[in-house]
Amino acid sequence: MNVMAKAEKKISSAFIYFFGSFGGILFGYDIGVMTGALPFLQADWHLENAASLVGWITSAVMFGAIFGGALAGQLSDKFGRRKMILMSAIVFMVFSVLSGVSPDMGEASAYYLIIVRMLLGLAVGAASALVPAYMSEMAPAKARGRLSGLNQTMIVSGMLLSYIVDFLLKDLPGEWAWRLMLGLAAVPALILFLGVLRLPESPRFLLRKGDEAQARKVLSYIRKNPAEIDQELASIKETAKEERQANQKTSWSTLFSGKYRYLVIAGVGVAAFQQFQGANAIFYYIPLIVQKATGQAASSNLMWPIVQGVILVVGSLVYMWIADKFNRRTLLMVGGAVMGLSFILPAVINWMMPNMNPMTIVVFLCIYVAFYSFTWAPLTWVLVGEIFPLAIRGRASGLASSFNWIGSWLVGLIFPIMTASMPQEAVFAIFGIICILGVIFVKTCVPETRGHTLEEIEEQGTNHGRVKASNPEN
């Protein structure tokens, strides 16, 4: 026991924060890898004119993630964030390898790959729900935005890594290229598994389970001031005491009770808008978008994903610099407005000047990605990690993640079908309108969380519910 305690004491806060957010690499790699693999897969399996199959193969991971996020959220409340992240890494490794060794059986191959990628999506969805919750529970309030933003940096680093891998493998024979691109996703999953083996459990989860001694020990790894540890423990215990006194049993209906409804709608709404705004249409299909705009083969446009990946990584670093300097709501509204205009203006310009340079739309997409990268991309997961009260955090985070993946799945599924039946500019204009609706949602339905402890945020939701109850006409 003493040997284990000494070993645990060697865990640095940097190690905890790095591997606590490393699950984002898996999330990002799988978002990005299909961008480069798809042109080779289409050619190898002769799917150039099968828009619906291409949509399903691309979006199958997101479909599985819908259920993975909700399931992991519930199980993490029972077994802990750490154990579920470990399980996610194992599932990710297994089904990444199975994706890479897909048998060549004609049309049946496509259905095999769709099923395997759906199962892989269970792990991706779980990681997207567990990592923000774990990071928000480990980070101090004053640095939570920046440290939780590590998740986004990991996501976009995973995307950039997959784009680079795709580019390096593009000169291999077509069949080998896409198989290696998909199969190599097992490598970051293995690294995550080995790293998380040494991570401690979340102190809030430990305290909720009655293990105050271990919770204090974990906080001692990541808080320098003993008084700060005592204050944080007391705050968490007070919240837990109130929950026990109320003898509250959480269920799906609990999420939308008067006490929690406001915060749940805010968190789930932001998570849903992030995807319905159309970002993943760019990330999944940028080579095909450039192909449609210029007529060049998609397999020769694999430098464009790297450009997008670099913008995303730089944007995530910009976010970490400004995260705790500006209000969450301000960044979301400014970012959403510019993103909406970046999608709408190409359609307006093309309507006014039918001979518009076809690369204009790609330039505007880069502007969209730049603003998305330091606003909606990281802030969605920061909000999901910090806005939900402790009693419902696992379940509500899972619900938000599932809605996020529903949007991602639908965008991935219908984008190739939409672009096959209407101009690209019109498709992106539709997404632009959704961006503007997202700005309105943030302004009217989302509370400010910057600088507040998780318990203070919960009190905001409780007070809002009381106001609504006493003033139902509002």
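Structural remarks
- Matching residues in the stretch 146-183 - criterion: being buried (at least 20 other Cβ atoms within 10 Å of the Cβ) and outside any helix (DSSP H, G or I): none
- For the stretch 93-111, residues that are not hydroxyl-bearing (Ser, Thr, Tyr) and not in a loop (DSSP other than H, G, I, E, B) total 9.
- Only helices (runs of 4 or more DSSP H) whose full extent lies in the stretch 331-426 are considered here, and the ones with at least 3 residues that are among the small types (Gly, Ala, Ser) are 393-421.
- The stretch 333-360, subset open to solvent by less than 30 Å² (accessible area, probe 1.4 Å) and in contact (Cβ under 8 Å) with a residue 12 or more places away in the chain, residue farthest from MET159 (Cα to Cα): ALA347
- Taking the numbered list (1) of a type outside the set (Phe, Trp, Tyr); (2) modelled with pLDDT under 90; (3) under 16 Å from the mean Cα position of the chain (by Cα) in turn, LEU390 passes all entries but (3).
- Neighbours by Cβ (under 6 Å, 6+ apart or cross-chain): first from the stretch 412-437, of a type in the set (S, T, N, Q); second open to solvent by less than 20 Å² (accessible area, probe 1.4 Å) and modelled with pLDDT of 90 or more: THR419/VAL427
- No other residue among ALA281, ALA293, ALA266 is open to solvent by less than 10 Å² (accessible area, probe 1.4 Å), of a type in the set (A, V, I, L, M, F, W, C) and closer than 29 Å to ASP171 by Cβ apart from ALA281.
- Taking the criterion of being open to solvent by 80 Å² or more (accessible area, probe 1.4 Å) and under 17 Å from SER12 (Cβ atoms), the residues of the stretch 198-231 that qualify are ARG198, LYS224.
- Residue list for the stretch 52-87, filter: under 30 Å from GLU107 (Cα atoms) and open to solvent by 10 Å² or more (accessible area, probe 1.4 Å): SER52, LEU53, TRP56, PHE63, ILE66, PHE67
- Scan of the stretch 38-51 for residues that are open to solvent by 10 Å² or more (accessible area, probe 1.4 Å), within 28 Å of the chain's Cα centre (by Cα) and closer than 15 Å to ASP166 by Cβ, ordered by number: PRO39, PHE40, GLN42
- Here VAL363, VAL313 are screened, and the one residue that is open to solvent by 10 Å² or more (accessible area, probe 1.4 Å) and either charged (D, E, K, R) or farther than 19 Å from MET154 by Cβ (or both) is VAL363.
- Of all the listed residues (ILE114, ILE90), the sole one being assigned to a helix (DSSP H, G or I), open to solvent by 20 Å² or more (accessible area, probe 1.4 Å) and more than 23 Å from THR380 (Cα to Cα) is ILE90.
- Checked against the criterion of being surrounded by fewer than 23 Cβ atoms within 10 Å (Cβ to Cβ) and either β-branched (Val, Ile, Thr) or more than 24 Å from ARG81 (Cβ to Cβ) (or both), the stretch 390-402 has no qualifying residue.
The values are calculated or read from the model by the stated rules, or taken from the named source; none is laboratory data. Treat the numbers as computed from the prediction; the structure is a model and nothing was measured. As a convention, Cβ positions derive from the backbone with ideal geometry for all residues, glycine included, and neighbour counts pool all protein chains shown. Side chains included, ligands, DNA and RNA excluded: accessible areas come from the protein's heavy atoms. Shrake-Rupley method; radii C 1.70, N 1.55, O 1.52, S 1.80 Å.
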